[in-house]
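Structure first, then comments.
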Amino acid sequence: MKPVILLTGKRGQVGREMLPLLPQLGEVVALGRDQLDLSKTDDIRRTIREVRPQLIVNAAAYTAVDRAETDESMAHVVNAEAPELMAREAKRIGAVLLHYSTDYVFDGTKSSPYDEEDSTNPMNVYGKTKLAGELAIRSSGVPHLIFRTAWVYATHGKNFLLTILRHATEREELRIVSDQVGSPTCASELAAATCKILAGIIERNRGEFVFSNAGGTYHMSAAGQTTWFDFAQAILEEARATSQAQGWLAEATKGRPWIARRVIPISTEEFHSPTHRPAYSVLSNSRLTQAFGVSLPDWRAQLRRCFVFDTTPANSAAGCGAK
C-alpha cells in the first residue's frame, strides 16, 4: 500500500513543481490556499486528522518579503504558527514533516557560505517568521526535514525572473541592486532534489518515510553565487537568445517586444526598499551532499535550463529517481 502524502501550497512555486513528481512516491493529497488556508488553525488540524498522511510536505508560506513588514501578524501565523501546528499534528498521528525555509534567517555579515551551524540573526519580518517556524518544528519533537533555500524563482508565479522579463518590455532602463549576493535557485531543481532524497529514504526503509537517521536542517540552493544585477543581465541574455514564442516566455512578456536597452547597477540604499535584506546570503550545501549524495547545479546552468527546456511542471523531466 502506497504511503499517503499531504502537499500544501500546490499552486506555489515549489508546490507546483512537486505536484507531478510526488505521485511516484505515494498517494498524494495536494491542497492549495483555497482548500487549506494556513491562517486557519482549525482547518489545518481537521485536514491532517482526516487525511492521516505518513508525510506532510509544507510547500506553502507567506513569501511577500516587503509586505510582511506591515503585515507581521499574518506572516507569523502562516510561517510560524501553521508549521508548529503541522508538526504537533504530524507527531500525534506518527507522520513526518518536510518544510522549506530561507537564507534570510541569516544577517549577511559573513563573506563565505553559511552552513547549518552558523548563528541565525534575521534582519526582516519574513526571515524572523521563517526562523520561528523552524524552531517550532524542532521543539515539537516530530521527525522532520527542513530545507533552507535561497532566491527562489520559477517560470510561473511572482518572482525576480518574471519581473525582469516584464520590465524589459516596459522600460528602456532597468536599475538593479548590485551589492546583495546570493544563489538564485529554480523551483523545479528544488522539487527534483527533494523527491530524489525522499525516494532514497523510501528505498532504504522498505517503502516508508523514516527520518530518524536523516532528519534535521539542510541547506538546498544553487551552486555558485551572483548579485541581483548580474542575475538580471543573465536573464536578459538568455531571453534574447530564446524564441519569444516559447510558452512560458510568451506568457511572461505577453508577446510584447523588448525595449530595455540598459541595465544599471545601483546600491541597496538607492533602491529604497522598505525591507532590510542580507548583503550576503550564500548557503553551503556540503551537508546535503554528504548526507544524501544530492547537489543542485550552478545557478547559471539552472537559469539556462529554464530557457532551453519547457520547464512547466507538466513537462518537467526531472523525476524523483524512484524505482
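The values are calculated or read from the model by the stated rules, or taken from the named source; none is laboratory data. Everything numeric here is computed off the predicted structure, so don't read it as measured data. With ideal geometry, Cβ positions are generated from the backbone for all residues, glycine too; neighbour counts draw on all protein chains shown.
Could you identify the single residue in Gly293, Gly255 that is out of contact with any Asp or Glu (no Cβ under 9 Å at 6 or more places or on another chain) and over 30 Å from Thr120 (Cα atoms)?
One residue alone meets the criteria, Gly255.
I'm trying to understand the selection: among the residues of region 106-142, which are surrounded by fewer than 21 Cβ atoms within 10 Å (Cβ to Cβ) and of a type in the set (Val, Ile, Thr)?
If the condition is that a residue be surrounded by fewer than 21 Cβ atoms within 10 Å (Cβ to Cβ) and of a type in the set (Val, Ile, Thr), then Thr109, Thr120 are the ones that fit.
Based on this model, can you work out whether Asp34 counts as under 24 Å from Val152 (Cα atoms) and at pLDDT below 95?
yes
Thr185: farther than 28 Å from Ser112 by Cα, modelled with pLDDT of 95 or more and of a type in the set (Val, Ile, Thr), yes or no? Walk me through how you get there before you give the answer.
On the way: farther than 28 Å from Ser112 by Cα: no; modelled with pLDDT of 95 or more: yes; of a type in the set (Val, Ile, Thr): yes.
It is false that Thr185 is farther than 28 Å from Ser112 by Cα, modelled with pLDDT of 95 or more and of a type in the set (Val, Ile, Thr).
Within region 11-35, which residues are touching a residue at least 40 places away in the same chain (Cβ under 8 Å) and aliphatic (A, V, I, L, M)?
Scanning region 11-35 gives Val14, Met18, Leu19, Leu21, Leu22, Leu25.
Going by the structure shown, is Ser221 modelled with pLDDT of 95 or more, under 30 Å from Ala250 (Cβ atoms) and either over 16 Å from the mean Cα position of the chain (by Cα) or of a type in the set (Gly, Ala, Ser) (or both)?
Yes, satisfied.
Among the residues of region 301-311, is there at least one that is without any contact (Cβ under 8 Å) to a residue 40 or more places away in the chain, closer than 20 Å to Glu17 by Cα and not in a helix (DSSP H, G or I)?
There is at least one residue in region 301-311 that is without any contact (Cβ under 8 Å) to a residue 40 or more places away in the chain, closer than 20 Å to Glu17 by Cα and not in a helix (DSSP H, G or I).
Out of region 36-66, which residues are without any contact (Cβ under 8 Å) to a residue 12 or more places away in the chain and closer than 23 Å to Leu198 by Cβ?
Glu50
Determine whether Glu69 is free of Cβ contacts under 8 Å to residues at least 60 places away in the same chain and of a type in the set (D, E, K, R).
Criteria not met by Glu69.
Please verify whether Lys128 is at pLDDT 95 or above, touching a Cys at 6+ places or on another chain (Cβ under 9 Å) and charged (D, E, K, R), treating the condition exactly as stated. Working first, answer last.
Values: at pLDDT 95 or above: yes; touching a Cys at 6+ places or on another chain (Cβ under 9 Å): no; charged (D, E, K, R): yes.
No.
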